[in-house]
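First comes the structure, then the notes that go with it.
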Amino acid sequence: MGGDQTFNILDPFSSVDFGIADSADGIKQWTISNREVIQPIKTVFNDLIVAIDTGLHAVPPLVMLALIALIAWQAAGARTAVLVGVCLVALGLLDPNAWGLAMTTLAIVIASVIACFVIGLPLGILAAKSDMFEKSCAPCWT
């Protein structure tokens with residue numbers, strides 16, 4: 001908690017400070033000083049997100065809505081699919097720009113999942129096959 005502010009029930013976030021700003025500034029300074037390493041990685045992720053976003057925007061909204069509802073139905077059942085469909089229709093009707101923003105957000109999520117898969121699968125296989133790698137990384141996981 002911030003020492004100089006009192007807690008306000010109507011604005012609780014203004015009086016809470018977890019002290020992570022210094023850590024975040026340290027990470028920011030590290031990335032700035034290592035820009036030559038970060039920039040190519042950023043370019044790859046940006047190109048991936050743009051490609052996925054372009055593909056998602058190429059699909060007509062009603063077709064995408066049906067595809068997402070079908071995926072929800074297969075993953076979680078009919079009730080969830082109806083809820084997802086209703087929410088997506090409401091999203092599209094509330095703001096003309098909301099659908100495009102939702103597809104951009106979906107593109108970022110899909111790119112993140114791909115990145116986690118590309119990084120995590122080889123590391124998981126390596127950890128399963130190599131006792132030395134697993135032991136060297138064990139302190140990171142505990």
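The values are calculated or read from the model by the stated rules, or taken from the named source; none is laboratory data. Note that the coordinates shown come from a computational prediction; the quantities given were computed from them, not determined experimentally. Every residue, glycine among them, receives a Cβ derived from its backbone with ideal geometry; neighbour counts consider all protein chains shown. The protein model used for the area step is the full one, side chains on, heavy atoms only, and it has no ligands, DNA or RNA in it. Shrake-Rupley method; radii C 1.70, N 1.55, O 1.52, S 1.80 Å.
Total residues in segment 1-24 satisfying the condition of being open to solvent by 80 Å² or more (accessible area, probe 1.4 Å) and either at pLDDT 85 or above or not hydroxyl-bearing (Ser, Thr, Tyr) (or both): the figure is 12.
Matching residues to (1) of a type outside the set (Phe, Trp, Tyr); (2) in contact with a Gly (Cβ under 8 Å, 6 or more places away or on another chain); (3) over 30 Å from CYS137 (Cα atoms); (4) free of Cβ contacts under 8 Å to residues at least 12 places away in the same chain:
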residue	(1), (2), (3), (4)
ALA58	yes, no, yes, yes
PRO61	yes, yes, yes, no
ALA75	yes, no, yes, yes
VAL86	yes, no, yes, yes
LEU94	yes, no, yes, yes
GLY100	yes, no, yes, no
THR104	yes, no, yes, no
GLY124	yes, no, no, yes
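Residues of segment 33-60 that are open to solvent by less than 80 Å² (accessible area, probe 1.4 Å), part of a helix (DSSP H, G or I) and over 28 Å from LEU106 (Cα atoms): SER33 alone. For ASN97, the conditions (1) touching a Ser or Thr at 6+ places or on another chain (Cβ under 9 Å); (2) surrounded by fewer than 11 Cβ atoms within 10 Å (Cβ to Cβ) are fulfilled apart from (1).
Residues are listed down the side, and each one gets a yes or a no for (1) under 26 Å from LYS42 (Cα atoms); (2) in a helix (DSSP H, G or I):
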site	(1), (2)
VAL82	no, yes
PRO96	no, no
LEU101	yes, yes
ALA107	yes, yes
VAL118	yes, yes
PRO122	yes, yes
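Given the structure, is THR80 open to solvent by less than 80 Å² (accessible area, probe 1.4 Å) and touching a helix residue (DSSP H, G or I) at 6+ places or on another chain (Cβ under 8 Å)? So THR80 fits the description; yes.
Going through ALA66, ALA75 one at a time, which residue ends up being surrounded by 13 or more Cβ atoms within 10 Å (Cβ to Cβ), of a type outside the set (Phe, Trp, Tyr) and out of contact with any Cys (no Cβ under 6 Å at 6 or more places or on another chain)? Exactly one of ALA66, ALA75 is surrounded by 13 or more Cβ atoms within 10 Å (Cβ to Cβ), of a type outside the set (Phe, Trp, Tyr) and out of contact with any Cys (no Cβ under 6 Å at 6 or more places or on another chain), namely ALA66.
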